[in-house]
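The values are calculated or read from the model by the stated rules, or taken from the named source; none is laboratory data. Everything quoted here is computed from the prediction, not taken from an experiment. A quick note on method: Cβ atoms are made from the backbone with ideal geometry, for glycine too, and the neighbour counts reach across all protein chains shown.
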Amino acid sequence: MFFLTFVFLKKLFIITVLFVYLFSATEFRELLKFPEMIEHYHEHKEKNHLISFFDFLDMHYSNTQDDDGDADRDMKLPFKSHNNCASVSNNLFTGSVHQAYAFHPLETKTKTYSLPQLQFIPSSFQVSIWQPPKA
């Protein structure tokens, strides 16, 4: 009985640690915003009965200009913002995002290197290694 309880607690601990990791270090937490997306879809459905769910997704995710008048509400949809993201930091950008950068190729100078001339000095010790064995 104790062994079964231990195995169950071990599995429960592993699953808990996995979910804590997924919700804290990855974008898995965006899945928690899906009820918000369904609710927002129903609001659009009340305004326009002909809109389908795919039209709603197209309006909010593929168009660059969303002019339905609820931009703050749209940013609460899943995968629309990068708030509290561990991999994206707002501190990375110190200048303006729209600032144009000019890239110049590096100037390289060719240098010639001369290797010192090694003189061959025969050694009698090196030659004696390869002699046949003597009795």
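Close Cβ contacts (under 7 Å, 6 or more residues apart or on different chains) running from residues in segment 35-51 that are over 17 Å from Lys76 (Cβ atoms) to residues that are surrounded by 10 or more Cβ atoms within 10 Å (Cβ to Cβ) and aliphatic (A, V, I, L, M) comprise Lys45/Ile51. Find the residue count for segment 1-25, including only residues that are in contact (Cβ under 8 Å) with a residue 40 or more places away in the chain and surrounded by 12 or more Cβ atoms within 10 Å (Cβ to Cβ). Residues meeting the conditions: 1.
Quick check, is Thr16 modelled with pLDDT under 90, part of a helix (DSSP H, G or I) and out of contact with any Pro (no Cβ under 7 Å at 6 or more places or on another chain)?
On the way: modelled with pLDDT under 90: no; part of a helix (DSSP H, G or I): yes; out of contact with any Pro (no Cβ under 7 Å at 6 or more places or on another chain): yes.
It is false that Thr16 is modelled with pLDDT under 90, part of a helix (DSSP H, G or I) and out of contact with any Pro (no Cβ under 7 Å at 6 or more places or on another chain).
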